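Engineer: This is the structure I have questions about; it appears just below.
The values are calculated or read from the model by the stated rules, or taken from the named source; none is laboratory data. This structure is a prediction, so every number in the text was calculated from the model and none was measured. Here the Cβ positions follow ideal geometry from the backbone for every residue, glycine too, while neighbour counts run over all protein chains shown. Calculation scope for accessible area: heavy atoms of the full protein, side chains included, ligands and nucleic acids excluded. Shrake-Rupley method; radii C 1.70, N 1.55, O 1.52, S 1.80 Å.
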Amino acid sequence: MKQDMILILDLGSDENPRLAREIRSLGVYSEIHPHDISQPALSALPNVKGIILNGGPNRVVDGVEIDAGAHVYNGSLPVLLVDHKGEKPWPVQEKERKEAISRFIFDTCGAKANWNMENFIADQVELIRQQVGSKKVLLALSGGVDSSVVAALLIRAVGKQLTCVHVNHGLLRKGEPEQVIQVFRDQMDANLIYVDAADRFLDKLAGVADPEAKRKIIGTEFIRVFEEEARKLEGIAFLGQGTIYPDIIESGTKTVKAVKSHHNVGGLPEDLNFELVEPLKMLFKDEVRQCGKALGLPDSMVYRQPFPGPGLGVRCLGAITRDRLEAVRESDAILREEFHNAGLEGKVWQYFTIVPDFKSVGVRDGKRADEWPVIIRAVNTVDAMTATVEELSFAFLQKVTERITHEVAGVNRVLYDLTPKPTGTIEWE
Ligand code: XMP
């Protein structure tokens with residue numbers, strides 16, 4: 001293993017993710033583990049140079065009295081106790097805190113600053129090979145950041161032992177399936193099964209107007225399609241997962257053991273019996289992006305904006321029709337192109353278009369014509385719990401309006417949604 005590690009034992013402090021990030025920012029790899037990690041599990045962790053106990057040595061966590069970690073480290077590793085009276089975060093001052101951590105990890109533990117993406121990738125390649133051996137791995141490759149980076153890492157580690165399945169549910173953005181095929185099949189020479197299931201999804205969704213019912217159909221059908229593909233393949237023992245650190249860490253007082261149910265595999269039947277491979281589970285989102293870049297993925301994939309699982313399905317309001325869905329897809333493509341041209345890409349958190357299920361009267365080729373409006377949404381947020389509206393310039397909005405009303409069939413008006421969250425949500429349904 002190439003990287004040294006500082007272990008944070010979780011006594012329930014919600015500061016732990018920040019502490020791990022602080023240590024990583026000093027160039028030393030750090031992971032958070034439950035306070036009651038067993039001695040064998042601790043011994044299995046590579047290159048641990050020291051332990052930080054954060055949250056109070058004698059605090060009761062889950063009914064367990066902690067004795068300064070002595071039960072786990074047996075005196076063989078340096079231990080730093082943080083916030084040991086459990087009164088306030090320690091040390092309060094940013095600079096002081098960083099210095100204290102730095103002294104501990106470098107002077108006391110003798111850790112080396114060798115945490116970087118090349119070493120992370122080299123270590124993960126070794127760990128994946130150890131775990132997988134000569135067996136086969138399956139991965140649902142959506143084209144989102146996390147699944148794409150996992151795919152690239154697994155390809156680097158086990159090559160053709162990996163099979164990626166890309167399900168096109170017909171609700172992807174313009175150019176997305178093509179990009180997945182181009183990057184993974186053409187560029188990285190991956191085993192990629194492309195399933196065009198658009199008709200199947202759209203048939204199931206026909207006439208369904210309730211947003212939650214739409215989400216449920218899309219989610220269930222996705223698992224069915226993936227499962228059908230999995231059953232066609234022989235000898236798959238592992239399932240790759242794009243689980244990342246924030247999926248695992250529960251903020252607040254729960255320890256790391258409180259792992260969220262993984263949304264991607266929630267519905268897979270037990271008899272498929274896969275073991276999970278989750279090589280990104282210790283990375284924060286920005287580190288996942290760095291990893292993707294280091295593995296040669298294009299910026300447009302690594303820095304793409306968040307995109308909901310049900311895709312354009314929740315932006316084609318009410319019961320989805322193919323013509324309105326095309327209007328969403330085409331207007332979204334125009335908006336994204338204009339964001340790119342204006343240098344706004346990456347500066348705004350999420351931007352997209354919505355097409356409601358009503359028409360208004362307008363004039364087309366000198367005649368009255370009833371057509372749909374397109375709504376533009378562009379928001380900034382930190383955690384998606386609240387959001388503010390991006391102040392797009394009037395000239396920019398005029399340009400986008402001009403293009404959408406001329407290039408997108410069936411659209412005669414463009415509206416800009418000025419509503420922050422709350423009271424609006426980011427998506428419209
Ligand atoms: P709202 O609309 O709740 O959205 O303000 C917050 C963030 O969540 C995304 N979103 C979803 N993501 N499945 C997803 O994977 C969904 O059903 C879903 N609904 C909303 C939304 O795009 C925004 O980033």
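Engineer: Give all pairs with beta carbons closer than 8 Å in which a residue from segment 331-359 that is under 18 Å from HIS406 (Cα atoms) and charged (D, E, K, R) meets a residue that is within 16 Å of the ligand (Cβ to nearest atom) and at pLDDT 95 or above; count only pairs at least 6 apart in sequence or on separate chains.
Structural biologist: From segment 331-359, the pairs are ASP332/ARG173; ASP332/LEU312; ASP332/ARG315; ASP332/PHE352; ASP332/THR353; ARG336/ARG173; ARG336/TYR351.
Engineer: Can you tell me which residue is farthest from the ligand (Cβ to nearest atom) among those in segment 304-332 that are of a type in the set (Lys, Arg) and under 27 Å from ASP286 (Cβ atoms)?
Structural biologist: Keep residues of segment 304-332 that are of a type in the set (Lys, Arg), which gives 304, 315, 322, 324, 329.
If we keep only those that are under 27 Å from ASP286 (Cβ atoms) as well, we get 304, 315.
Working: ARG304: 12, ARG315: 9 Å.
Of everything passing the filter in segment 304-332, ARG304 is farthest from the ligand (Cβ to nearest atom).
Engineer: Among the residues of segment 122-158, write down those that are free of Cβ contacts under 8 Å to residues at least 12 places away in the same chain and closer than 21 Å to GLU234 by Cβ. Full working, then the answer.
Structural biologist: Restricting attention to segment 122-158, the residues satisfying the condition of being free of Cβ contacts under 8 Å to residues at least 12 places away in the same chain are 130, 133.
Within segment 122-158, just GLY133 meets the criteria.
Engineer: Of everything in segment 313-328 that's farther than 16 Å from PRO373 by Cβ and part of a helix (DSSP H, G or I), which residue is most open to solvent (accessible area, probe 1.4 Å)? Can you show your working first?
Structural biologist: Here is the first cut: in segment 313-328, the ones farther than 16 Å from PRO373 by Cβ are 313-314, 319-320, 322.
From what's left, part of a helix (DSSP H, G or I): 313-314, 322.
On the way: GLY313: 0, VAL314: 1, ARG322: 118 Å².
Top of the filtered list is ARG322.
Okay, residues lined up against (1) modelled with pLDDT under 95; (2) in contact with a Ser or Thr (Cβ under 7 Å, 6 or more places away or on another chain); (3) surrounded by fewer than 16 Cβ atoms within 10 Å (Cβ to Cβ):
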| position | (1), (2), (3) |
| --- | --- |
| ALA190 | no, no, no |
| ASP203 | no, no, yes |
| GLY207 | no, no, yes |
| ALA213 | no, no, yes |
| GLU221 | no, no, no |
| VAL225 | no, no, no |
| GLY235 | yes, no, yes |
| PRO246 | yes, no, yes |
| GLY252 | yes, no, yes |
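Engineer: Strands (runs of 3 or more DSSP E) wholly in segment 352-429 with at least 2 residues that are within 16 Å of the ligand (Cβ to nearest atom) - which ones? Steps first, please.
Structural biologist: On the way: elements: 360-364, 367-380, 411-416.
In segment 352-429, the matching strands (runs of 3 or more DSSP E) lie at 367-380.
Engineer: Could you figure out which of (1) open to solvent by 30 Å² or more (accessible area, probe 1.4 Å); (2) within 16 Å of the ligand (Cβ to nearest atom) isn't true of PRO298?
Structural biologist: (2)
Engineer: While we're here: Residue check, LEU26 against (1) of a type outside the set (D, E, K, R); (2) open to solvent by 20 Å² or more (accessible area, probe 1.4 Å); (3) modelled with pLDDT under 80, all met but one. Which one?
Structural biologist: Exception for LEU26: condition (3).
Engineer: I've got another one for you. Could you tell me which residue of segment 177-188 is surrounded by the fewest Cβ atoms within 10 Å (Cβ to Cβ), considering only residues that are among the hydrophobic types (A, V, I, L, M, F, W, C) and part of a helix (DSSP H, G or I)? Reasoning before the result, please.
Structural biologist: First, the residues of segment 177-188 that are among the hydrophobic types (A, V, I, L, M, F, W, C): 180-181, 183-184, 188.
Cutting the leftovers down to part of a helix (DSSP H, G or I) gives us 180-181, 183-184.
Working: VAL180: 25, ILE181: 17, VAL183: 22, PHE184: 25.
That would be ILE181.
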